[in-house]
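A quick write-up on the structure given underneath.
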Amino acid sequence: MCGIYGAYGGEGAAAQYRSWSEVASRLLRHRGPDGSACLACMGGRCLLGHCRLAIIDLEGGAQPIGNEDETIWVILNGEIYNYIEIRERLIAKGHRFRTQSDTEVLVHLYEEKGHSLLDDLDGMFAFAILDEKKEQLFLARDRFGEKPLYYAPLNEGRGLVFASEMKALFPFPGLDNHLDVPAIAQFLALGYVPAPRTHLQGVRKLMAGEALSLDAGTGLRIWRYWQPRIETNGTKPPSREAAVESVRSRVLQSVRLRLRSDVPIGAFLSGGVDSTYIAAAIRELQPATKFSTFCASFDDQQLDEAPYARLVAEHLGTDHHEVRFSSVDLLAIFDELIDHYDEPFGDASMFPTFAVCRAARQVCKVMLSGDGGDECFGGYSEMFGYHRWDGVRRTALASAAARRLRHLWRRDWRGVGLLGFLSKNDWELLHPAERRNAITSSFLPDHRNEAERGLWELEVRALEHARLPYPLSAFEATASSYLPEQIMVKVDRASMRASLECRAPFLNPDLMHFATSLPVEYHFAAGLGKAILRDALPQWVPPEIRCRQKRGFTPPLCSWLREELKEEMERALDGDLGELRHLLNPLPTKELFHQHLAGFDHSNTLFKWLVLARRCHEAVLN
């Protein structure tokens, strides 16, 4: 795990951008505190920079790394989990290696397969390969978007500057920092800005499973080499028992590969199904090894999962750590962490995530997590909550009756959620139309057309998933957007701020393809999701963990906004909003804040506004 950055341009680009590269290296040092280097390549027309967090081949894995004749260079952020198998094949073909690192396989595999090397990789990665003979820069991001990669085109697409985090691009000379209005609309809809946009017009990011090449002949080319796609081809599924065994073997193999490391590895353990499964798999693979587990413990008992995690840790015999923190601890890093994410990012679970990562880094350099379990196995309540009623929803009479009743039903009456489900068709469940008007009305008239364009882009993406019946469409949509753009962004920035590498065994393409190809009924049972993963858990796992409801990893944001963050929220609504005052109308949000203070819960909407006010304050509006 590391930080990478670089620039590709015309004659003298390396010398011209050298001072920027020194700033970029300093700004990315948290991602790679174990060493740094910057190489001028291609006759001074390209810079490749790297900040290293040493995980594999501690002595010999420094980057950039070149091939035998130093005409191909690579910098990598992340890990190639199957590098040993790839290395053996390449050695058999005559390639000579200078290191034992996973990074070096990329240059030799590129020599063999060019851009098609991506087909062979099992890993989390963002890398840059420079081919000096072709005078071509090649960038790529892993399939699930575990590792980030931002870029800014230069000289009308003839040049490029890139980095692992936006903060390294901010000081680049002449960077276009005009606000991207469609991106702001997307943020208000989703709580994150989906790739390829960012909140600045001059900066873009590669999508998960996307690659980019740039050379003098063909210019800039971007393509998607992989994306989560569910096919309903009518093939006969395995029996439920066979599916459970296949899940066990696939997860175990994925964990085995992700245990490759030359530094200590631990695991996050919440006492939920996903993290329990990963910790149990580590113990199965390493029965005699003492490894560390970490759990976040909150003062608020309604949020505290420590007792469940303790049960699992005691059975597995781990060196267990309960990271206890209060609202005071989290609020102490509030503004600092919002700024660290660079883009507007509206997931308040970033605060406890960073706090537990910071604690884990005192003991381990690599942690395994249960991220991706919900996306593979249907763990979100909107997927399974009313699944037993899905057949009823599809009847015209029931749907029409629910629509009529819904207008009469008070929002605080029991059953309002079920009525909402029964009254919607598959498209409305996937892409709620009611949020569109609320978002566009919050923009001032001069900018509503641009905001509409951003929301229209979201609708186009949703239409692609809507070819599938619900909830399969939700499986695919969640894996395509929410997973890479919110979950992975949260984990990457929080963990790398603590110089900690996080690996997610559930994020394996073969595993996800298998899991999402199973009949929906395999995933939902007894009003819960992830039924098949629960069945695959070891026999010793007690019912209170096996049958636990999913619980969000969130701080008490609702009470914060009424108490500790009340003044900050008031400043965000009434103070100096910078260019946002010419873009958004604060009155609807002010009304929501008044309602929130009176007892309603509008935490998510208010937090988005708070984040926007901080992250967009210095941007410029056209």
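The values are calculated or read from the model by the stated rules, or taken from the named source; none is laboratory data. For clarity, every value in this text was computed on a predicted model and none was experimentally measured. Don't worry about glycine lacking a Cβ; one is built from the backbone with ideal geometry, like all the others, and counts go over all protein chains shown. The protein model used for the area step is the full one, side chains on, heavy atoms only, and it has no ligands, DNA or RNA in it. Shrake-Rupley method; radii C 1.70, N 1.55, O 1.52, S 1.80 Å.
Miscellaneous remarks
- Residue satisfying condition, being part of a loop (DSSP other than H, G, I, E, B) and aromatic (Phe, Trp, Tyr), within set 144, 127, 162: 144
- Taken over region 1-16, the criterion of being over 16 Å from residue 151 (Cβ atoms) and open to solvent by less than 60 Å² (accessible area, probe 1.4 Å) is satisfied by 1, 2, 10, 12, 14.
- 2 or more residues more than 18 Å from residue 339 (Cα to Cα) and of a type in the set (A, V, I, L, M): qualifying helices (runs of 4 or more DSSP H) within region 558-622: 587-597
- When residue 424 is tested against (1) surrounded by fewer than 18 Cβ atoms within 10 Å (Cβ to Cβ); (2) charged (D, E, K, R); (3) within 23 Å of residue 516 (Cβ to Cβ), exactly one condition is not met: (1).
- Taking every residue in region 21-42 that is closer than 24 Å to residue 215 by Cβ and pairing it with any residue that is open to solvent by 10 Å² or more (accessible area, probe 1.4 Å) and not in a helix (DSSP H, G or I), at least 6 positions away or on another chain, the pairs with Cβ-Cβ distances below 6 Å are 21/38; 39/64; 41/73; 42/132.
- Of all residues in region 169-208, those being assigned to a loop (DSSP other than H, G, I, E, B) and either within 24 Å of residue 13 (Cβ to Cβ) or of a type in the set (Ser, Thr, Tyr) (or both) number 16.
- Single residue of 271, 266 found to be farther than 30 Å from residue 614 by Cα, open to solvent by less than 50 Å² (accessible area, probe 1.4 Å) and modelled with pLDDT under 95: 271
- Across region 122-161, the number of residues qualifying as touching a residue at least 12 places away in the same chain (Cβ under 8 Å) and more than 18 Å from residue 194 (Cα to Cα) comes to 25.
- Of the listed requirements (1) within 24 Å of the chain's Cα centre (by Cα); (2) open to solvent by 40 Å² or more (accessible area, probe 1.4 Å); (3) among the β-branched types (Val, Ile, Thr), residue 181 misses just one: (2).
- Segments classed as helices (runs of 4 or more DSSP H), wholly inside region 438-507, with at least 1 members that are open to solvent by 50 Å² or more (accessible area, probe 1.4 Å) and β-branched (Val, Ile, Thr): 448-465
- Contact annotation: residue pairs with Cβ atoms under 9 Å, 6 or more positions apart or on different chains, pairing a residue in region 478-501 that is in contact (Cβ under 8 Å) with a residue 12 or more places away in the chain with a partner that is part of a strand (DSSP E or B) and of a type in the set (Asp, Glu), are 495/501; 501/79.
- With respect to the stated conditions, residue 165 fails to be open to solvent by 30 Å² or more (accessible area, probe 1.4 Å) and either under 28 Å from residue 447 (Cα atoms) or of a type outside the set (Lys, Arg) (or both).
- Only one of the listed residues (245, 284, 231) is out of contact with any His (no Cβ under 8 Å at 6 or more places or on another chain), among the charged types (D, E, K, R) and in a loop (DSSP other than H, G, I, E, B). That residue is 231.
- Region 382-404 - residue that is surrounded by fewer than 14 Cβ atoms within 10 Å (Cβ to Cβ) and in a helix (DSSP H, G or I) and, of those, nearest to the chain's Cα centre (by Cα): 388
- Qualifying residue in region 203-214 (condition: open to solvent by 10 Å² or more (accessible area, probe 1.4 Å), acidic (Asp, Glu) and over 23 Å from residue 38 (Cβ atoms)): yes
- Evaluation of residue 257 against (1) assigned to a helix (DSSP H, G or I); (2) in contact with a helix residue (DSSP H, G or I) (Cβ under 8 Å, 6 or more places away or on another chain); (3) open to solvent by 10 Å² or more (accessible area, probe 1.4 Å) (one fails), failing number: (2)
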